[in-house]
Structures are given as C-alpha cells and as structure tokens.
Amino acid sequence: MLDVIWQNRNVLAQIESQIADERRKLDSWLADAYTAWPDASFNGEHDAGYPNWGDVENLAAQVFDNRLTSKLSDGCVRSLLFFISRSDECGRIVGWLYTTTGTPLSGIGDLTYDDFIFLCNRAVSQPDDFCDYQLVACFQKLETLNTEDQALLKSFFHAKADSYTRRMVVHAFAKFTLADTVSLIEQLWATDDCEFAKISCLYSLEPFPECRSLFDRFLVEYQSSFPVAEADYRQVHMQRFHAIQAK
C-alpha cells in the first residue's frame, strides 16, 4: 500500500515538474513573440502558432486521464488554466469548439465533469483571461444544468468583465430555458454596449415567447444603435429576428 502511495506521489511530482517546465517554455516564447508589441494583450490567433502545443496537450491529457487535476499544486493549476487560455484558438485542451451536446469536455483527454467543475471554480476566482469563455461555453454540452452549475455560471457572469464570457453564460441559461435567463438577459443588455452582446440577448429571448414585448423593445433599440443597412451581417440577423417575431 505504501509503495502505491509513494508511486502516486512520484508520478504527481514528475508531472508537476513537467508543467513548470512547459510553462517556462511558453512564457519565454510569448515574451519573444510579443517583443514588437509590448503594450498588446496576448492574442489567441497569434498564440496558436506556438510550436510546442503538442507537448502541452500531451501533458494536460496525462493530468486529465489520471484524474490529477484537483491534486495539482496551486501554481500548477494556474499554469494549466494558462495553457487553456493561450490555446483557445486550438480549442482542444478544453473542447469548447465542439458544440454538440454530449461531446467530450476535452479534445485531448478524459476531462471528467468533477475535474471540469474544479477548473471552473478556480478560474472564476482568477483575473480575466481567455480560459473563462472556453469553460463557460462547455456548459452547453451538458444534458442539464444542476443547481451548482447554475450558481457557478452566475459567478462567472457577475465576477467577470469579459463580454464574451458573460454572453456564453446567457446562452447556456437560454439553451436550458432556465428561470433566471430573462433576468440575466436584461442585466447583460443594460451593462454591455457591445453589439454582439445585444445580438446574443435577442437570440436568447427566442425560447421565451411570453417575453415578446421585451424582444420587440430590444430590437427597436438595437436598430437605433446599429444601422442595419450598413452591414450585411446585420441584415442577416434582422431576417432571423423578424422570423422570431413571426412565431
């Protein structure tokens, strides 16, 4: 029994050492890559060019497959979230780009629901980063959202400033037509001037025919703020919004 315990400790220590090493390599690459733009935020599309993502993904897969996520040190968990954040355009460590309900939470390993929730709880208390919306988007893969899921999503909504993260929360609530959806939509509409936040609010009202008057009011406000005739994509959205009104 003691041999097994020590073996597990040695495996964990080895993986934590590898995480620290991969983090140093990524930090060094990012520092060099952004030398020309010292005031720029990290850009996911640019970071997708990091040549060692395969090594990072293999390491993260070991963590997931061996159920080590919640056993890692605080520093290693932060590094794991950082890897997720910087690889957002790849969409594999957390499989947020796989949008079908029931698809895996990770594209590289067996990320369990419990370990996924652990990562979410850690991410919500960390500064805004690109991992947040990836994690939040994955809630739409679940069959249902339990009370803990809903509370966690609300924590992201209220704790984070990132528009995309908050929009993904609203979309998750709308998908499952949860009772608090309309309240979150109203909050997002009132606090986020981003055009795509407004579009998200309108689409998220579709499952709630009893709220058509709210939908109509929001649509009028959207049209007054964003000239539809000036952009083809707005005209496409308007066609869809009119179809919702006609239901």
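Is it the case that some residue within the range 147-155 is of a type in the set (V, I, T) and closer than 18 Å to S200 by Cβ? Give the derivation first.
If we filter the range 147-155 for residues that are of a type in the set (V, I, T), which is where we start, we get 147.
If we keep only those that are closer than 18 Å to S200 by Cβ too, we end up with none.
Within the range 147-155, not a single residue is of a type in the set (V, I, T) and closer than 18 Å to S200 by Cβ.
Within the bounds of the range 126-135, is there any residue that is touching a Gly at 6+ places or on another chain (Cβ under 8 Å) and at pLDDT below 95? Steps first, please.
Applying the first criterion (touching a Gly at 6+ places or on another chain (Cβ under 8 Å)) to the range 126-135 yields 130, 134.
Going one step further and asking which of them are at pLDDT below 95, we end up with 130.
Checked the range 126-135: at least one residue is touching a Gly at 6+ places or on another chain (Cβ under 8 Å) and at pLDDT below 95.
Every residue, every condition in (1) modelled with pLDDT of 95 or more; (2) open to solvent by 70 Å² or more (accessible area, probe 1.4 Å); (3) within 30 Å of F83 (Cβ to Cβ), yes or no:
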site: Q150; (1), (2), (3): yes, no, yes
site: V170; (1), (2), (3): yes, no, yes
site: A179; (1), (2), (3): no, yes, no
site: V182; (1), (2), (3): yes, no, no
site: C194; (1), (2), (3): yes, no, yes
site: A197; (1), (2), (3): yes, no, yes
site: E206; (1), (2), (3): yes, no, no
site: S225; (1), (2), (3): yes, yes, no
site: D232; (1), (2), (3): yes, yes, no
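With the condition kept exactly as written, say whether any residue in the range 114-129 is over 22 Å from V169 (Cβ atoms), touching a helix residue (DSSP H, G or I) at 6+ places or on another chain (Cβ under 7 Å), in a loop (DSSP other than H, G, I, E, B) and not acidic (D, E). Full working, then the answer.
Here is the first cut: in the range 114-129, the ones over 22 Å from V169 (Cβ atoms) are none.
Scanning the range 114-129, I find no residue that is over 22 Å from V169 (Cβ atoms), touching a helix residue (DSSP H, G or I) at 6+ places or on another chain (Cβ under 7 Å), in a loop (DSSP other than H, G, I, E, B) and not acidic (D, E), so the answer is no.
Please go through the range 11-45 and give me each residue that is more than 15 Å from R78 (Cα to Cα), open to solvent by 70 Å² or more (accessible area, probe 1.4 Å) and of a type outside the set (S, T, N, Q), ordered by number.
K25, D32, A36, W37, P38, D39, F42, E45 - these are the residues of the range 11-45 that are more than 15 Å from R78 (Cα to Cα), open to solvent by 70 Å² or more (accessible area, probe 1.4 Å) and of a type outside the set (S, T, N, Q).
Mind listing whichever residues of the range 133-148 are part of a helix (DSSP H, G or I) and open to solvent by 20 Å² or more (accessible area, probe 1.4 Å)?
Y133, Q140, T147, E148
D88 fails exactly one of the following numbered conditions: (1) more than 13 Å from V136 (Cα to Cα); (2) crowded, with 19+ Cβ neighbours inside 10 Å. What is the number of that condition?
Of (1) more than 13 Å from V136 (Cα to Cα); (2) crowded, with 19+ Cβ neighbours inside 10 Å, only one is false for D88: (1).
The values are calculated or read from the model by the stated rules, or taken from the named source; none is laboratory data. Owing to the predicted nature of the structure, the values given are computational and were not obtained by experimental measurement. Note that each Cβ is placed from the backbone with ideal geometry, even for glycine, and that neighbours are counted across all protein chains shown. To get the accessible areas, we keep the full protein, side chains included, count just its heavy atoms, and leave off ligands, DNA and RNA. Shrake-Rupley method; radii C 1.70, N 1.55, O 1.52, S 1.80 Å.
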